[in-house]
Amino acid sequence: MISYTDNLEGIGANSLDGFFDGWPKRPTAERHFELLKKSDYIVLAIDDEADFVVGFITAISDNVLSAYIPLLEVLPSYQGRGIGSKLVQRMLEKLDGFYMIDLVCDRDLERFYSRFGMKAAFCMAVRNYDKQAGVQDG
Ligand SMILES: CC(C)(COP(=O)(O)OP(=O)(O)OC[C@H]1O[C@@H](n2cnc3c(N)ncnc32)[C@H](O)[C@@H]1OP(=O)(O)O)[C@@H](O)C(=O)NCCC(=O)NCCS
């Protein structure tokens, strides 16, 4: 059974393994836990039987007008079961009061996100690849 939560109660770095799949420099489980703690909004998908996190989505916000969704991931072996969709739906419900809700994604995910009423838009971005695993003193 997969359950969903919007807080870190009962979750630690040891509940997080296998994320940032395919990233050349993967954040450690400790960095992952830290970014979940520091995000304004999170939704986690948990495999109740295995008792670990199988998917997550984060958002950061000024809590006035805008929110940004930097990260969404479902562990590879749990993909294709609707977990990613549930995470997006639950996060969009949380962010419903804001004027702007933005995220950046590869073009092949346009169809996935458009299911939730999101529209493609142009973006500009900086990526410091040497910091991909997280800032050291963060
Ligand atoms: C994107 C992601 C979160 C979707 O999670 P999921 O649990 O598999 O999602 P769902 O089961 O709800 O939906 C799957 C649908 O998304 C589509 N999809 C997933 N990844 C896709 C990709 N890279 N390109 C195109 N479509 C994709 C699937 O084809 C599927 O479509 P279908 O319902 O028509 O078969 C997951 O594939 C993932 O973690 N990918 C790696 C990280 C990533 O790309 N995150 C998004 C960053 S912007």
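The values are calculated or read from the model by the stated rules, or taken from the named source; none is laboratory data. This one's a predicted model, so the numbers in the text were calculated from it and none came from an experiment. Positions of Cβ are generated from backbone atoms using ideal geometry, with glycine treated the same way; all protein chains shown enter the neighbour counts.
Structure summary
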item	result
Some residue of the stretch 87-98 being in a strand (DSSP E or B) and surrounded by fewer than 19 Cβ atoms within 10 Å (Cβ to Cβ)	no
Odd one out for Glu49 among (1) in a loop (DSSP other than H, G, I, E, B); (2) crowded, with 16+ Cβ neighbours inside 10 Å	(2)
Only listed residue being touching a residue at least 40 places away in the same chain (Cβ under 8 Å), under 21 Å from Phe116 (Cβ atoms), hydrophobic (A, V, I, L, M, F, W, C) and surrounded by 14 or more Cβ atoms within 10 Å (Cβ to Cβ), chosen from Ile60, Ile83	Ile83
Single residue of Ala50, Ala67, Ala29 found to be farther than 27 Å from Ser114 by Cα, among the small types (Gly, Ala, Ser) and at pLDDT 95 or above	Ala29
Any hit, the stretch 46-56, residues being closer than 20 Å to Leu109 by Cα, touching a helix residue (DSSP H, G or I) at 6+ places or on another chain (Cβ under 6 Å) and of a type in the set (A, V, I, L, M)	yes
Scope the stretch 12-45; condition within 20 Å of Val104 (Cβ to Cβ) and aromatic (Phe, Trp, Tyr); matching residues	Phe19, Phe20, Trp23, Tyr41
Of all residues making up the stretch 99-138, the number that are aliphatic (A, V, I, L, M) and in a helix (DSSP H, G or I)	1
One residue from Leu65, Leu16, Leu36, Leu44 being exposed (fewer than 12 other Cβ atoms within 10 Å of the Cβ), touching a Phe, Trp or Tyr at 6+ places or on another chain (Cβ under 8 Å) and either more than 22 Å from Leu95 (Cα to Cα) or not polar (S, T, N, Q) (or both)	Leu65
Number of positions in the stretch 69-80 that are near the ligand (Cβ under 10 Å from one of its atoms) and either more than 19 Å from Phe20 (Cα to Cα) or not in a loop (DSSP other than H, G, I, E, B) (or both)	5
Residue within the stretch 27-42 that is over 27 Å from Asp102 (Cβ atoms) and touching a Ser or Thr at 6+ places or on another chain (Cβ under 6 Å) present	no
Test result for Ile83, at pLDDT 95 or above and under 26 Å from Gly10 (Cα atoms)	yes
Any hit, the stretch 52-68, residues being within 12 Å of the ligand (Cβ to nearest atom) and farther than 18 Å from Gly12 by Cα	yes
Sole residue being more than 16 Å from the ligand (Cβ to nearest atom), in contact with a strand residue (DSSP E or B) (Cβ under 6 Å, 6 or more places away or on another chain) and under 24 Å from Tyr4 (Cβ atoms), chosen from Lys94, Lys38	Lys94
